[in-house]
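One structure is given below, encoded as structure tokens.
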Amino acid sequence: MSKRRNQVPADKLALYKKLLDLHPEIELKGGLKLPYTSYQGNMFSQLTKAGVLGLRMGKAEREAFLAKYNGALLETYGTVMKEYVAVPDSLLEDAQRLLPYLEQSYAYAKTLKPQPRKRKG
């Protein structure tokens, strides 16, 4: 069994990294299996194993995004992520156009209650 099978598509990961490079304050986490970003323990963007970028947004921003792009909520591992929009590939390919939505997602994450750190042991 190939390790590659568990990784996100390389081309989509490269586009995600290109987007994050435009906002140096945001750090990519999770490696090749589940790349994501988080703020104080709250994930606000993720790239699924199918290569779909999901952005977590507040209700108003989420509804506006879904209407503008005729979009859908993100589905991953058979679960609909109710606060996440699935970013269309055409938008993922245009980092400059996508950047304001990443910033909205980051701003939303900053409004959420910090998650307690889990201790290993």
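None of the figures in this text is laboratory data; all of them are computed from the coordinates on show. Here the structure is a predicted model, which is why all the values come from computation and not from measurement. Cβ coordinates were reconstructed from backbone atoms using ideal geometry, including for glycine residues, and neighbour counts include every protein chain displayed.
Out of region 98-114, which residues are of a type in the set (Ser, Thr, Tyr) and surrounded by 16 or more Cβ atoms within 10 Å (Cβ to Cβ)?
From region 98-114, those of a type in the set (Ser, Thr, Tyr) are 101, 105-106, 108, 111; that's our starting set.
Matches in region 98-114: TYR101, SER105, TYR106, TYR108.
Could you identify the single residue in ALA95, ALA60, ALA67 that is of a type in the set (A, V, I, L, M) and in contact with a helix residue (DSSP H, G or I) (Cβ under 9 Å, 6 or more places away or on another chain)?
Details: ALA60 fails: in contact with a helix residue (DSSP H, G or I) (Cβ under 9 Å, 6 or more places away or on another chain); ALA67 fails: in contact with a helix residue (DSSP H, G or I) (Cβ under 9 Å, 6 or more places away or on another chain).
When all the criteria are applied, what remains is ALA95.
Considering each of TYR36, TYR106, TYR101 in turn, give the residue that is within 12 Å of the chain's Cα centre (by Cα) and without any contact (Cβ under 8 Å) to a residue 12 or more places away in the chain. Outline the logic, then answer.
Numbers: TYR106 fails: without any contact (Cβ under 8 Å) to a residue 12 or more places away in the chain; TYR101 fails: without any contact (Cβ under 8 Å) to a residue 12 or more places away in the chain.
That would be TYR36, the only listed residue that is within 12 Å of the chain's Cα centre (by Cα) and without any contact (Cβ under 8 Å) to a residue 12 or more places away in the chain.
Scanning region 66-79 for residues being surrounded by 15 or more Cβ atoms within 10 Å (Cβ to Cβ) and over 14 Å from the mean Cα position of the chain (by Cα) gives a total of 3. If you go through region 100-116, how many residues are outside any helix (DSSP H, G or I) and closer than 13 Å to MET57 by Cβ? Matching residues across region 100-116 total 1.
For region 24-60, give me the residue count where each residue is charged (D, E, K, R), touching a strand residue (DSSP E or B) at 6+ places or on another chain (Cβ under 9 Å) and more than 15 Å from ALA10 (Cα to Cα).
Here is the first cut: in region 24-60, the ones charged (D, E, K, R) are 25, 27, 29, 33, 49, 56, 59.
So of that shortlist, the ones also touching a strand residue (DSSP E or B) at 6+ places or on another chain (Cβ under 9 Å) come out as 27, 29, 49, 56, 59.
Keeping just the survivors that are more than 15 Å from ALA10 (Cα to Cα) gives 27, 29, 56, 59.
Of the residues in region 24-60, 4 are charged (D, E, K, R), touching a strand residue (DSSP E or B) at 6+ places or on another chain (Cβ under 9 Å) and more than 15 Å from ALA10 (Cα to Cα).
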